[in-house]
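Here the structure comes first, spelled out in structure tokens, and everything after it is commentary.
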Amino acid sequence: MPNKKVDRRVQRTRQLLSGALMGLIVEKGYDSVTVQDIIDRANLGRSTFYAHYQDKEDLLLSGIDDVVHSLIWGDEALSKGEPGKDTLPRILSTEPIFRHAQEEHQLHKAIFVGRGLDMMIKEIQQHLCSHIEEQINQYLPDEKSPPVELSVISNYLAGALLTLLVWWLDNNMPYPPERMDALYQELSMPGVWAVLEINPYSVN
């Protein structure tokens, strides 16, 4: 029981610090934010900050693994698509990502439209690439090497998604998440299936 209370306090402290950082990034840009700004906004002490994080970069990157993992690995059914002869399988289902961006607009605006956040965008892209390559491998015939290196395809798909996400946020999310997912699939996937020499309608 005592451990659970400590865990809740730790979680609340980290949420306060993270929320303070993201709000400040939106207001003044990442480069201009200091640790003092963060603790002032969160109304916490400096020693509390350093008990949890080494610096503001550590705070920024903390928790990104869990967030990205839950968005791109959280629902395997979405990646496979719904059964039906006219439904294409999906290497990357982006609707959860667009939906999360809609629900956490400030957070995503801070990450993708803010300044000085190349390190976080690179981290997110690496997660996306890893997931994409894992999914592609499931569709490749056994013992057959892909015609193009998987890293080329995964970086193309991840880069296209992040570029589209930035446009969507910059333009005040003019389409709902499901429409953005459909657009992403329509724009990016036909060429990928062709390069892989796979008929998407023939895979399970």
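Structure summary
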quantity	calculated
Difference of contour (0.36 nm per residue) and Cα-Cα distance, residue 195 to residue 167	7.5 nm
Sorted peptide list for 158-170, 37-49, 123-135, criterion being average Cβ within 10 angstrom, highest first	123-135, 158-170, 37-49
Alpha-carbon centroid distance for the pair region 185-204 / region 14-46, whole angstrom	44
Region 2-60: translational diffusion in µm²/s, Stokes-Einstein, Kirkwood Rh over Cα pairs, 25 °C, 0.890 mPa s	212
FRET efficiency, 1/(1 + (r/R0)^6) with R0 45 Å, evaluated for residue 130 and residue 34 via beta carbons	0.85
Peptide ranges 149-157, 189-197, 94-102 listed from the most packed, as the mean C-beta count within 10 angstrom indicates	94-102, 149-157, 189-197
J(HN,Hα) series, region 97-102, from Karplus relation 6.51 cos²θ - 1.76 cosθ + 1.60, nearest Hz, glycine and proline x	5, 5, 5, 5, 5, 5
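Any read-out appearing in this document is the output of simple, stated calculations on the displayed coordinates, not a laboratory observation. Since the model is a prediction, treat every value here as computed from it, not as a measurement. When we count neighbours, we look across all protein chains shown, and the Cβ atoms used for this are built from the backbone with ideal geometry, even at glycine.
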